[in-house]
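J.: Structure provided below as structure tokens; questions to follow.
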Amino acid sequence: MDKSYRAVMSRKNEIMKSSVGIDYSEFERDGIVFDYEELMTKTAPDISEVAEIQKEAGVGCTPLVELKNISRLVRSHAKKGHGAHIFVKDEAASLSGSFKDRRASLSMYVAKDRGFDGVIAATSGNYGAAVASQAARRGLKCIVLQETFDSRGMGQPEILEKGRACESYGAEVIQLSVGPELFYYLLRLLEETGFFNASLYTPYGIAGVETLGTEIVNQCREQLGRDPDHVVVTHAGGGNLTGTSRGLKKAGADKCKIIAASVELTGLHMASDTDFNKKSFTTGHTGFGVPFAVAPDRSDVPRNAARPLRYMDKYVLVTQGEVFFATEILARLEGMQRGPAGNTSLAAAIALARELPEDEVMVVQETEYTGAGKAPSAQLTFAKNQGIEVMRGDPRKLDSPGERIVIPQDFSQFSYKEIPMNRLRTSYLKRLLTEGKESFTDQEMQFLSEELHTDSWTIKRIIEEESRNG
Ligand SMILES: Cc1ncc(COP(=O)(O)O)c(C=O)c1O
């Protein structure tokens, strides 16, 4: 078989179909419309079955912990009667140390059930470790493809550490330098091995996270006798937000606001060899968070089951320095050494909770295990070696991604920057307009309302404005 780049890419659809076992064309409707709910319900098991599968796989049922000392500190920096109670869902207690076990557990169940010998995951993150861990439990072979190095052969401490974690579970880890060849290698390996594609973006990868949302609601009801008012989610590819939100809704927490939080890395290009090692966070940042929100289908499957704009009520950004500070505060005040990714939403929660009434409940929906390569000391030393200045001060005034990391001098300097939801909706629609779409049928407008979590009047107004601006 022809293994050239062009030939392999041209076989993309067939390779995906046999390695994921989903015929996405079944869910396509007229124009831009596809039946998202049908894709989810027809392909993935029902949520109670997912919970059973996860229980058997040692995944889920993690504690919901009140951050009493942090909440008290927030209240002492808030105006009278303000400062919401912050709770955290301790996902680090899961088998491989993050919520990614939820996604992997369902994919591995499906892979085993369908008789695959092994699985492949293309990820540099916690998902690799989760897949490797779940594959080990089910006796499946596992290959993890990692974008690890820049062209100098230099690797981020966190990514290198994750590679070692995957190897420790018995996975074969293939490390590549940054660039577009990752997808080509993924397709080639899938074709050569006949393994299951444990993509993050299949319905299994999302349905697995729904239990995180239902557990939060059930635990809030049991522990506090009420639903959470706000759930803050560290956002990158969108699976975390989509799955959690769907779970919250399935448990009936309809009034709960869903807030996405990412680390602000504006100006750094994710596919750039020179920018690759200038970021201290490998996920939960704007380099993934924004493009995956406005163009979800640019993933490794034909239709991404992670569709964060459908659920997001607010999108806030925090700086790298604030997340490092939140990491230290969580360890020193609550005795929880965790992170980094989960602490992105914690940093945002600290700033957001200050503005909210003191009887409200805000849940940070994850922590992640930490280790030598993930610790702030490793990241900050690496950043300094890349020529990045590290200083104390006011991040909102001095932060400059890729040039300067500014760690707050005191607790009152936690803040956030909001990306207006309509700006994200506009980017989503602009993409359709530049692809040549000129008018939308009633079904397409209905689909867009669901996709963009807004009414058709707002959508029409944005389209008119964009058409006028050319
Ligand atoms: C611990 C942790 N939290 C949050 C995220 C973000 O999840 P998503 O990419 O589904 O938005 C990741 C993804 O890499 C992660 O590993």
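J.: Hey, could you check the range 337-352 for residues that are outside any loop (DSSP other than H, G, I, E, B) and under 14 Å from the mean Cα position of the chain (by Cα) and say which is nearest to the ligand (Cβ to nearest atom)?
T.: Here the answer is Gly342.
J.: Related question: Pick from Thr370, Thr381: which is surrounded by 15 or more Cβ atoms within 10 Å (Cβ to Cβ) and under 27 Å from the mean Cα position of the chain (by Cα)?
T.: Answer to the check: Thr370.
J.: Name the single residue, out of those in the range 255-282 being closer than 21 Å to Asn343 by Cα and β-branched (Val, Ile, Thr), that is nearest to the ligand (Cβ to nearest atom).
T.: My answer is Thr282.
J.: A follow-up question, please. For the range 288-318, how many residues are under 22 Å from Thr148 (Cβ atoms) and either in contact with a strand residue (DSSP E or B) (Cβ under 9 Å, 6 or more places away or on another chain) or β-branched (Val, Ile, Thr) (or both)?
T.: Result for the range 288-318: 3.
J.: Which is touching a residue at least 12 places away in the same chain (Cβ under 8 Å) and either more than 16 Å from the ligand (Cβ to nearest atom) or outside the structural domain of Ala351 (by TED's automatic domain parsing) (or both), of Leu241, Leu212, Leu187?
T.: None of the other options fit; the residue is Leu187.
J.: Looking only at helices (runs of 4 or more DSSP H) that lie completely in the range 375-470, which have at least 1 residues being touching a residue at least 12 places away in the same chain (Cβ under 8 Å) and among the aromatic types (Phe, Trp, Tyr)?
T.: 376-385, 421-434, 442-452
Every residue, every condition in (1) assigned to a loop (DSSP other than H, G, I, E, B); (2) more than 22 Å from the chain's Cα centre (by Cα); (3) of a type outside the set (Gly, Ala, Ser), yes or no:
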position: Lys55; (1), (2), (3): no, yes, yes
position: Val59; (1), (2), (3): yes, no, yes
position: Thr62; (1), (2), (3): yes, no, yes
position: Asn69; (1), (2), (3): no, yes, yes
position: Leu73; (1), (2), (3): no, yes, yes
position: Lys79; (1), (2), (3): yes, yes, yes
position: Val88; (1), (2), (3): no, no, yes
position: Ala92; (1), (2), (3): no, no, no
position: Ser98; (1), (2), (3): yes, no, no
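J.: Let me ask something additional. Out of Phe447, Phe440, Phe411, I need the residue that is of a type in the set (Phe, Trp, Tyr), over 29 Å from His269 (Cβ atoms) and surrounded by fewer than 17 Cβ atoms within 10 Å (Cβ to Cβ). Which one?
T.: Phe411
J.: A further question follows. Can you run down the residue pairs with Cβ atoms below 8 Å, 6 or more apart or on separate chains, where the first is in the range 1-12 and without any contact (Cβ under 8 Å) to a residue 12 or more places away in the chain and the partner is part of a helix (DSSP H, G or I)?
T.: Filtered contacts from the range 1-12: Asp2/Val8.
J.: Name the residue, out of Asp101, Asp90, that is of a type in the set (Asp, Glu), modelled with pLDDT of 95 or more and surrounded by 20 or more Cβ atoms within 10 Å (Cβ to Cβ).
T.: Going through Asp101, Asp90 in turn, the sole match is Asp101.
J.: Name every residue in the range 340-357 that is in contact with an Asp or Glu (Cβ under 6 Å, 6 or more places away or on another chain) and modelled with pLDDT under 95, in order of residue number.
T.: Those that are in contact with an Asp or Glu (Cβ under 6 Å, 6 or more places away or on another chain) and modelled with pLDDT under 95: Ala341, Gly342.
J.: Mind checking which residues of the range 173-231 are acidic (Asp, Glu), buried (at least 17 other Cβ atoms within 10 Å of the Cβ) and outside any loop (DSSP other than H, G, I, E, B)?
T.: Passing the criteria: Glu191, Glu210, Glu215.
J.: Checking Gly81 against (1) closer than 30 Å to Glu368 by Cα; (2) out of contact with any helix residue (DSSP H, G or I) (no Cβ under 9 Å at 6 or more places or on another chain): exactly one of these is not met. Which one?
T.: Here Gly81 clears every test but (1).
J.: Among the residues in the range 311-322, are any closer than 25 Å to Leu398 by Cα, within 13 Å of the ligand (Cβ to nearest atom) and of a type in the set (S, T, N, Q)?
T.: So far as the range 311-322 goes, no, none of its residues is closer than 25 Å to Leu398 by Cα, within 13 Å of the ligand (Cβ to nearest atom) and of a type in the set (S, T, N, Q).
J.: Right, something else. Does Pro296 qualify as being away from the ligand (no atom under 12 Å from the Cβ) and in contact (Cβ under 8 Å) with a residue 12 or more places away in the chain?
T.: Judged against the criteria, Pro296 is not a match.
J.: Could you say whether any residue in the range 283-290 is assigned to a loop (DSSP other than H, G, I, E, B), of a type in the set (Ser, Thr, Tyr), within 16 Å of the ligand (Cβ to nearest atom) and within 27 Å of Lys12 (Cα to Cα)?
T.: yes
J.: OK, next. Exactly one condition in (1) touching a Leu at 6+ places or on another chain (Cβ under 9 Å); (2) in the same structural domain as Ile350 (by TED's automatic domain parsing); (3) away from the ligand (no atom under 16 Å from the Cβ) is false for Thr62; which is it?
T.: (3)
J.: Considering every residue within the range 19-38, establish whether at least one is free of Cβ contacts under 8 Å to residues at least 40 places away in the same chain and more than 23 Å from Asn304 (Cβ to Cβ).
T.: Looking through the range 19-38, none of the residues is free of Cβ contacts under 8 Å to residues at least 40 places away in the same chain and more than 23 Å from Asn304 (Cβ to Cβ).
J.: Looking at Asp117, Asp150, Asp113, which is the one that is away from the ligand (no atom under 16 Å from the Cβ), without any contact (Cβ under 8 Å) to a residue 60 or more places away in the chain and more than 22 Å from the chain's Cα centre (by Cα)?
T.: Just a single option satisfies the conditions, and that option is Asp113.
J.: Restricting to the range 59-82, count the residues that are more than 18 Å from Asn343 (Cα to Cα) and crowded, with 23+ Cβ neighbours inside 10 Å.
T.: The qualifying residues number 2.
The values are calculated or read from the model by the stated rules, or taken from the named source; none is laboratory data. Source: prediction; values computed, not measured. Neighbour counts are summed over all protein chains in view; Cβ atoms, including those assigned to glycine, are modelled from backbone coordinates with ideal geometry.
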